[in-house]
Amino acid sequence: MRKGSIQSSWHEWLGLEPTSSDTINLDKWLKPNQWRNTGLDAPFMWGEVRTRGSLHYKVAIDKARQTHTCTCTQRDKICAHKLALVAGWADQLFTLEEQFSRPSWVEERLNTLTIEGSVLDDSKSILANKRKIPVARMQEMTNGYAFLEKWLEDQTLAGWRQILSPPADQVEEAALRLVNYRLSGPAKRLRNLSLPVAPGESQVGRLLTTLSCLYLACRSFARYDQLDLSRQEHLLQFSGITIRKDQVIANNSEVTDEWIVLAVQELKEDDLRSRQTWFFGQSSRRFALNLVYAWKKEPLPTPLTVGKLWAGSVYFYPGTDNFRIQLGEGQLGTTPFAIDVMYGTWKEVFLEHAAYKLIDPWTERLPVWIQGVRLVESSGLYFIIDLDEHGVPALMDQKLALQILSLQSTSSLCLFGLLIGSAFAPISIVMENTILQLS
Ligand SMILES: [Zn+2]
């Protein structure tokens, strides 16, 4: 290797003189068959370098603007791949005969970098809060999503009827593979496919919703670096990447309010118990969801009382309009003076939720208030009918239906619940400014 000319190339293209520690592992990245689609067309230089397996990092440099980008975790810092790309050209590892015309991603990625840079100037918090996921974990997710995408395509071509007929072993097998790739969220969503349909639920509807959610996750993860930070966060959280409390707090999303405790639900899956507490902020008008988990005999903290106000601060998880929170300091106090419900009709609910799906397409359950509605039964199925006489299937068993019908009497209902697909699962009922959780 002609050391002197490489040093001057680094200076010319990257504007720096790397130290010997920067170049210590450089030879690892200087094998010709590791690179593809390399090109040199001043002021641009680009190439794709293979890492483990079939993953390639895309590297691009613009020497006129002295900007550079690499899809590895180092991003806009100097990484070994950028040094190796420049060294490869300086050392005639790549030749001009191999050159392809400049692919569109080169400028796209370099321009994104500029935009990110200017965002950083306006608000340092945005980039500072970008989560660093270990390279090995990202690689594991890449493999997991590649497996899932292939599997979904194969099953779709083969036909879902046979795959979904009980005991649906192939679904369980694929879910286990995803668990091995530590993609717990997608595994859970996939398993949903083989569960029996709830009263009022359509199996085809669930299949289509699940497939589009999972397929979108595969396609989005494949272009993870091009997603905006909020989308990245929602995808990471759906994938099952845990987030520490200090990272949540660092998101600068503290909201202090009087939070109405809307519902407290506990679930048990094997040895894991979880509790979901739903809140609604009286001033912020935001829904918030707190999840806590406990293993085996480990106790869950004392639950909050439904219908009371919890006055204090909460920290929202990163990702635009995320519902999930960590509880900060606060205390449980009085009952609310008046409960101001948000929606009057299903039309409003569905418009709002179509907009939310653009922000986070992986959310399975969306919280909903609805007022002025009534429950009706038709051929053994239940529907929630709004003031416009529009009905939405209610996900509930007969026991719950009878409970609601007994409270319904002559007045209309005000319900809190979750929209799941296009059906509604009521959880709590509001009656004269008190909230009662249905059971
Ligand atoms: Zn790199």
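The values are calculated or read from the model by the stated rules, or taken from the named source; none is laboratory data. Here the structure is a predicted model, which is why all the values come from computation and not from measurement. All Cβ positions, glycine included, derive from the backbone under ideal geometry; neighbour counts span all protein chains shown. With ligands, DNA and RNA removed, areas are computed over all heavy atoms of the protein, side chains included. Shrake-Rupley method; radii C 1.70, N 1.55, O 1.52, S 1.80 Å.
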*Inspect region 324-337 for any residue being crowded, with 17+ Cβ neighbours inside 10 Å, hydrophobic (A, V, I, L, M, F, W, C) and not in a strand (DSSP E or B) and give the result as yes or no.*
no
*Return a yes/no flag: does region 48-58 have any residue that is modelled with pLDDT under 85, within 30 Å of residue 137 (Cβ to Cβ), hydrophobic (A, V, I, L, M, F, W, C) and within 16 Å of the ligand (Cβ to nearest atom).*
yes
*From (1) modelled with pLDDT under 85; (2) within 16 Å of the ligand (Cβ to nearest atom), pick out the condition that doesn't hold for residue 95.*
(2)
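Kindly provide the set of residues from region 8-24 that are closer than 16 Å to residue 93 by Cβ and not β-branched (Val, Ile, Thr), ordered by number. Before the answer, list the steps.
Kept after step one, since they are closer than 16 Å to residue 93 by Cβ, are these residues of region 8-24: 9-10, 13, 23.
Listed by number, the residues that qualify are 9, 10, 13.
Quick test for you: out of 86, 106, pick the one residue that is more than 25 Å from residue 20 (Cα to Cα), modelled with pLDDT of 85 or more and either open to solvent by 30 Å² or more (accessible area, probe 1.4 Å) or within 16 Å of the ligand (Cβ to nearest atom) (or both).
Details: 86 fails: more than 25 Å from residue 20 (Cα to Cα).
Criteria check complete, one pass: 106.
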*Which members of region 343-370 meet the condition of being buried (at least 16 other Cβ atoms within 10 Å of the Cβ), out of contact with any Gly (no Cβ under 8 Å at 6 or more places or on another chain) and aliphatic (A, V, I, L, M)?*
349, 366
*Select from region 210-221 the residues that are open to solvent by 30 Å² or more (accessible area, probe 1.4 Å) and in contact with an Asp or Glu (Cβ under 8 Å, 6 or more places away or on another chain) and write down the one among them that is farthest from residue 56 (Cα to Cα).*
215
*Which residue pairs have Cβ atoms under 8 Å apart, sit 6 or more places apart or on different chains, and have a first residue in region 172-193 that is at positive phi and a second that is open to solvent by 10 Å² or more (accessible area, probe 1.4 Å) and part of a helix (DSSP H, G or I)?*
182/137; 182/140
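Would you check which residues across region 156-166 are assigned to a helix (DSSP H, G or I) and out of contact with any Leu (no Cβ under 9 Å at 6 or more places or on another chain) and list them? Outline the logic, then answer.
The first filter runs over region 156-166 and keeps only residues assigned to a helix (DSSP H, G or I), leaving 156-158, 160-164.
Within region 156-166, 157, 158, 161, 162 meet the criteria.
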_Top-ranked residue in region 355-392 [being hydroxyl-bearing (Ser, Thr, Tyr) and under 33 Å from the mean Cα position of the chain (by Cα); ranked as nearest to residue 214 (Cα to Cα)]_ = 363
